[in-house]
Amino acid sequence: MKFAFYPGCSLESSAKEYKESTLLAAESLGLELEEIPDWICCGSTPAHMSDELLGIALPAYSLLLAKQMDTDGVLVTCASCYSRLKAANHAILNDGTMKKKVAEALGEEYDGGVPVRHMLELTSDAIAQPGFDEKITRKLSGLKVASYYGCLLVRPPEITGFDDPEDPQSLDRLVAALGAEPVDWRYKVECCGAALAFSQVDIVRKLSGEILQDAKDTEADVVIVACPLCHSNLDLRQRNIEKYLGIDLEVPVLYFTQLLGLAFGYSAAELGLGKHEINPVPVLRKRGINI
Amino acid sequence: MARIGVFICWCGSNIASTVDVKAVAEAAADFPGVAHSVEYKYMCSDPGQTLIRQAIKEKQLTGLVVAACSPRMHEPTFRRAALESGMNPYLVEMANIREHCSWVHEDRAEATTKALETVRMLVEKVRRNTPLEEIRVPVTKRALVIGGGVAGIQAGLDIISAGIPVTVVERTPSIGGHMSQLDETFPTLDCSQCILTPKMVELSQSPLTTIYTYSEIEEVTGYVGNFKVKIRQKAKTVDHVKCTGCGICVEKCPAKVPSEFECGLADRKAIYVPFPQAIPNKPVIDRPNCIYFAKGKCGVCKKICPAEAIDYDVEDTIVEEEVGAIVVATGYDLIDRALYGEYGYGKIADVVDGLQFERMLSASGPTGGKLIKPSTGETPKTVVFVQCVGSRDDSKGIPYCSRICCMYTAKHAMLFKHKVKDGKAYIFYIDVRAGGKGYEEFVKRAVDEDRVVYLRGRVSRIFEKNGTVFVKGSDTISGQQVEIRADLVVLATAVAASDGARQLAQKLRIGFDQHGFLTEAHPKLRPVETNTPGVYLAGTCQAPKDIPDTVSQASAAASKVLGLLSSDELVREPLVAHVSESVCISCFACEDTCPYGAIERVEWKDPETGLTTEIARVNPGICEGCGACIPVCRPKAVDLRGFSEEQIYSEINALSDMFKVKR
Amino acid sequence: MKSTSVADSTKTASTQFLERVEEQSGQKVRICYQCGKCSAGCPVGYAMDLLPNQVMRLVQLGLKDEVLSCATIWLCASCETCATRCPREIEIVKVMDVLRQKSRREGYPSPAREVPVFVSAFINNLKRFGRLYEAGLVGVYNLLSGHITKDMDKAPAMLLKRKIALMPPRVKGMGKVRKIMKNIEEMRQQ
């Protein structure tokens, strides 16, 4: 399978290790990725907040670029990009007026037909394939993992259409397939406040703090995420959250692709584990994981 | 030569304000075959009917067209009037110039034209009407009740009270239904079992009653007054004639499964009696959960039974019954737990549904009437009740109100406070619907005397952390988000149609709505009848309702049954299909098409050739006159009495003639 | 207590407001039956001046000024929790989007002005670079919002780990992207 890779803005800067680990994991899973040349930002929340058409046309621009490539669809790694790209397809497919407006804005018609897949979806497909277990070369047993899905990966279900919006399981199944231990916790679909990350920092601190606190209370060793915005709030901001809320957290947050990469035997350096604010290496070693 | 009388009704101003009735009467007088045409203010009134009766005699009329309201309203009135003057009632037709004309149009000229066209069409039809005789069929004086809950029990009791025998078919091993699971009932707080069990006993002990438990309806054929029913008796594996009900088998059975009666709060054995007051009070073996049936080993019950009543080899049996009327009382189920992921329904032990809470309240329940947190067995101090869980929720596919939850939730909160004096009860609601007798007072009592706190808002999410259940709701009156840390949460889950109701409806050829509730013939005026004559509805199979309404409807259904079975013969309208024997080519396409199973195959000897062939015949007792057989009959052997092809084409031709005139 | 009655002579109810919001959002705001489930589950509800169900109510009543000057429309994080659980299947985020757009275009003051300032900075950043230039965005936003030191808490950590790109992204075809964004602006003004 070959995909047109849409990394999204964060993977070019604050989430470089997500990009690196995604490329490594994809290679191990036999997925061929070719980055969409000159893709542009999906517009994220600010675009649809300011103009509905802008929120659809920006992702449609990149989808049109992807359409010219000979692939099985677009692969995204960010939950917000995923949501916006899928929302664009959904709107163009279901709303004739919007389709026309998008064509007028872009100066070119887009039919809404390029499939958009999140790396997690493809990983979920892969773990069900025969031979997956043979790829696992590093034992993760004993590692307790809280899977954090956040908002836009599973909501609204009529747009994303994969996994249960209230109690999703795809990351948990992945954790189990890698031999680690998924923990059942309460905050897996609560919002981290990403849309307010710059403008309402106190709200983000509270929301993200509660998520991390619940992971800690459930005695998870690490939290895994499938979105760079979630990661930025939960990891990069964690020291600041501790100070703001007067609590002690120290919860390492990994991208699920990093966990996948660990199981496939890549080194901590290759997976960019050193780029995290909360160093995950001590707890991984404590659980007997050989890195 | 036809001499038709046309009678145009004003219906006060209902018709006359939109239709120029005088002009219609005048124009109709010139229609071919019309001998008399008049208008009058109220045709259905006594003077109006007298006008018709006199005209029939004086003008020697051969047919009537009454242009007035819908035939659903007054067709019987005018047909009776005709009969009183010696005219065959099937020579009378109504032209609907009210519902189909004056009520739905504003332009007077156009409405008048339409009324005239309608009258013209009916005149052409009546010119071709023939006298018809009513169909008389014999009646089987026995009733079938499907479902042994309170609705079925009440209907059964009312029917036997008139001396008519009744057969009750119940799917589970005992009659009693959901009412036998309840603790105390609103608004009087009387004990549910205490008021139900005397009825169960009375019904089961009557010599007029036959009860088939652990049984389901296999097939229904026949028609009103003469149904033939095949009942599948699932293999009980226990011979109830030999069994003494000693219970030793139940005691010794090693296989445990969650009890349906206790809503999963306790286990039962694979050989079991669902509850202590069950009728019959003899066990059945639940084969899929029995070790002997799964593995071929065990056999403890057979070894131990002193009456030698266990027989592993018995199979399902089919019994046939003939009945004249059927009451459907199949009750309800609660919604699928998977619908409410956000409430942890089915996942969090301390989140229960209303029926589970009833079992906890019940002195004969799994906790002996003690309220507990299922996770720990401790007494809950803070209980949150959530209403409208599923009900009034389009996103879950249930737009309707379940009708009983407001009341039973008030009752639950009240009973909780009676048992746990220092407890706190919170109810999340959207609207409190307490329209029944004594209901509003009951809800007030929960608030005023028992200090139940009502919070006006829907709950968004329920989760559990370290044994505490967090309920995230809102109170829209104060504009606050509300988070309550509860020991126990009780969900007022929506009432859903009983599993299998749709399939049963298909067997009975009765309607059901998109949610699986069975459809009454008219929501206001025929609430217990179905569109299939002789089949009646009682209780929650028709729509969610409480015990008082269920019992009322059951008694109403019984009275309909008794009305039907009170005469020796049934009189039916003769508007049925019939087959011209010599034209039928024996393709039996009509048989495949008929939704009522009214087509029979009969041997017929051609009087001209002397040859005998198998041809189709319409059983007039079953035929509903729907006409579905007519277009599929290639040689045009089938026709409908009262609505023949000739009659309908003449109406259409009359209409097209009028259009030609207009152009 | 603040009165929000439609009958209150100090309030002006706009009869077209509901229709406009419904048309632009594609959502039937009138079918909201005020169950409060959106408010119950809103993660930001604690910080809002109006709860989401109250916003919906004010739109139903046509109380335009009240709703377009509230903080809630800006504090909504677009997390879709409400829409996922709404029993009437209203996409509340789409309604919020329309309210935010109206509030900004009609010049209503925002009690949470940092949010619209950030949104503008974000869109301008896109117009310039096609992709997000995080360092540039943070700088411009802090300057405009007056929060010079805001996010400095995060920035050192990011820089230390060499996470944030100091150079802006380079995308070919920016002329076309700018033209598209201009088209959209023009289409909106029509």
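Just a few scattered comments:
- Remark: residue A:15 falls outside the filter, which requires a residue to be more than 12 Å from every other protein chain (Cβ to nearest Cβ), surrounded by 20 or more Cβ atoms within 10 Å (Cβ to Cβ) and touching a helix residue (DSSP H, G or I) at 6+ places or on another chain (Cβ under 7 Å).
- Residue that is in a loop (DSSP other than H, G, I, E, B) and at pLDDT below 95, where the choices are B:340, B:345: B:345
Residues are listed down the side, and each one gets a yes or a no for (1) among the acidic types (Asp, Glu); (2) out of contact with any strand residue (DSSP E or B) (no Cβ under 6 Å at 6 or more places or on another chain); (3) assigned by TED's automatic domain parsing to the domain that holds residue B:156; (4) surrounded by fewer than 16 Cβ atoms within 10 Å (Cβ to Cβ):
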residue	(1), (2), (3), (4)
B:202	yes, yes, yes, yes
B:213	no, yes, yes, no
B:227	no, no, yes, no
B:239	yes, yes, no, yes
B:262	yes, yes, no, no
B:266	no, yes, no, yes
B:269	no, yes, no, no
B:276	no, yes, no, yes
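- Test for residue B:72: is it assigned to a helix (DSSP H, G or I), modelled with pLDDT of 95 or more and among the basic types (Lys, Arg): no
- For the stretch A:76-184, the helices (runs of 4 or more DSSP H) that sit wholly inside it and include 1 or more residues that are more than 14 Å from chain B (Cβ to nearest Cβ), among the small types (Gly, Ala, Ser) and more than 30 Å from residue A:288 (Cα to Cα) are A:79-94, A:96-106.
- Tallying residues that are outside any helix (DSSP H, G or I) and either within 15 Å of residue C:58 (Cα to Cα) or more than 8 Å from chain A (Cβ to nearest Cβ) (or both) within the stretch C:106-117 yields 7.
- Listing of strands (runs of 3 or more DSSP E) fully contained in the stretch B:87-169 that carry 2 or more residues being more than 22 Å from residue B:279 (Cα to Cα): B:92-96, B:135-138
- Of B:264, B:296, all but one fail to be free of Cβ contacts under 8 Å to residues at least 60 places away in the same chain and out of contact with any Phe, Trp or Tyr (no Cβ under 6 Å at 6 or more places or on another chain); the exception is B:296.
- Pick from the stretch A:273-291, criterion assigned to a loop (DSSP other than H, G, I, E, B) and either over 20 Å from the mean Cα position of the chain (by Cα) or surrounded by 22 or more Cβ atoms within 10 Å (Cβ to Cβ) (or both), ranking: nearest to the other protein chains (Cβ to nearest Cβ): A:276
- Against the numbered list (1) within 27 Å of residue B:175 (Cβ to Cβ); (2) polar (S, T, N, Q); (3) surrounded by fewer than 21 Cβ atoms within 10 Å (Cβ to Cβ), residue B:330 comes up short only at (3).
- Of note, residue C:103 satisfies the criterion of being more than 10 Å from chain A (Cβ to nearest Cβ), under 21 Å from the mean Cα position of the chain (by Cα), assigned to a helix (DSSP H, G or I) and at pLDDT 85 or above.
- In the stretch A:40-65, the residues that are within 19 Å of the chain's Cα centre (by Cα) and more than 8 Å from chain C (Cβ to nearest Cβ): A:42, A:59, A:62, A:63
- The set of residues from the stretch B:303-327 being crowded, with 18+ Cβ neighbours inside 10 Å and over 27 Å from the mean Cα position of the chain (by Cα) comprises B:305, B:309, B:310.
- Scanning the stretch B:88-108 for residues being more than 36 Å from the chain's Cα centre (by Cα) and in contact (Cβ under 8 Å) with a residue 24 or more places away in the chain gives a total of 2.
Matching residues to (1) touching a strand residue (DSSP E or B) at 6+ places or on another chain (Cβ under 7 Å); (2) surrounded by fewer than 16 Cβ atoms within 10 Å (Cβ to Cβ); (3) not small (Gly, Ala, Ser):
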| residue | (1), (2), (3) |
| --- | --- |
| B:12 | no, yes, no |
| B:25 | yes, no, no |
| B:34 | yes, no, yes |
| B:41 | no, yes, yes |
| B:51 | yes, no, yes |
| B:62 | yes, no, yes |
| B:67 | yes, no, no |
| B:82 | yes, no, no |
| B:92 | yes, no, yes |
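- Flag for residue A:34 being away from chain C (no Cβ under 11 Å), under 21 Å from residue A:260 (Cα atoms), outside any helix (DSSP H, G or I) and charged (D, E, K, R): yes
- When residues of the stretch B:517-532 are limited to those that are buried (at least 19 other Cβ atoms within 10 Å of the Cβ) and not aromatic (Phe, Trp, Tyr), the one farthest from residue B:409 (Cα to Cα): B:532
The values are calculated or read from the model by the stated rules, or taken from the named source; none is laboratory data. All figures in this text were calculated on a predicted structure; none of them were measured in a lab. Virtual Cβ from ideal backbone geometry, glycine too; neighbours counted across all protein chains shown.
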